[in-house]
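The structure appears below as structure tokens.
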Amino acid sequence: MSSPDEKLSCLLLATFLSRSVYVFPSWSTKMKLQLCSYSGYKIHPGHGSTLVRNDGKTFVFLSSKCRRSHLMKRSPREVTWTVLYRRKHRKGQEEESNKKRTRRHQKFQRAIVGASLTDILAKRNMKPEVRKAQREQAIRALKEKNRAAKAAKKPAPATAPKLEKGKQAMQKVAKPMPKPKMAKSGGHGGRR
């Protein structure tokens, strides 16, 4: 048999181990949260109420406000304080929009009407002096064309007859304008 000291040490060890291993059930188990059938908010244990319809379908409501709104057949998508309304109208989703903005678009080079991709790349890789010389040459050619067109048009208006000075003077005389009528004082529309 074992001595009394060994029994005592075993007993002390057993009580120490049992105390350190013991865990309260409320800490080890997770709380079961339910969602409100109307508002979509979380319902913690001990809160809310349950409605069971005749057909057996159950509804859990966070508050009497939610229950009465459901019974009045109000649409939660049209009531501003519900989760469904906030989702529908995209409230509180700033983080998602920021993530979308960070995406970068890839650039593609495409041909434009009247110029192929090879022409565009050749012009882009050209030296600035050459490009400037081409631009000036094109401008000069356009100006020459405009001068030739003006020279062809000038003789036609020169042959038109001139108006007499008397008729020109009569046309420029302005007609006298009638004086604007003044508003009556008082502003009530008539005499008193």
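Using the structure shown, decide if SER39 is surrounded by 10 or more Cβ atoms within 10 Å (Cβ to Cβ), at pLDDT 75 or above and touching a Lys or Arg at 6+ places or on another chain (Cβ under 9 Å).
Working: surrounded by 10 or more Cβ atoms within 10 Å (Cβ to Cβ): yes; at pLDDT 75 or above: yes; touching a Lys or Arg at 6+ places or on another chain (Cβ under 9 Å): yes.
Against the criterion (surrounded by 10 or more Cβ atoms within 10 Å (Cβ to Cβ), at pLDDT 75 or above and touching a Lys or Arg at 6+ places or on another chain (Cβ under 9 Å)), SER39 qualifies.
The number of residues in segment 40-70 that are in contact (Cβ under 8 Å) with a residue 12 or more places away in the chain and either assigned to a helix (DSSP H, G or I) or over 26 Å from LYS30 (Cβ atoms) (or both) comes to 5.
The values are calculated or read from the model by the stated rules, or taken from the named source; none is laboratory data. Note that the coordinates shown come from a computational prediction; the quantities given were computed from them, not determined experimentally. With ideal geometry, Cβ positions are generated from the backbone for all residues, glycine too; neighbour counts draw on all protein chains shown.
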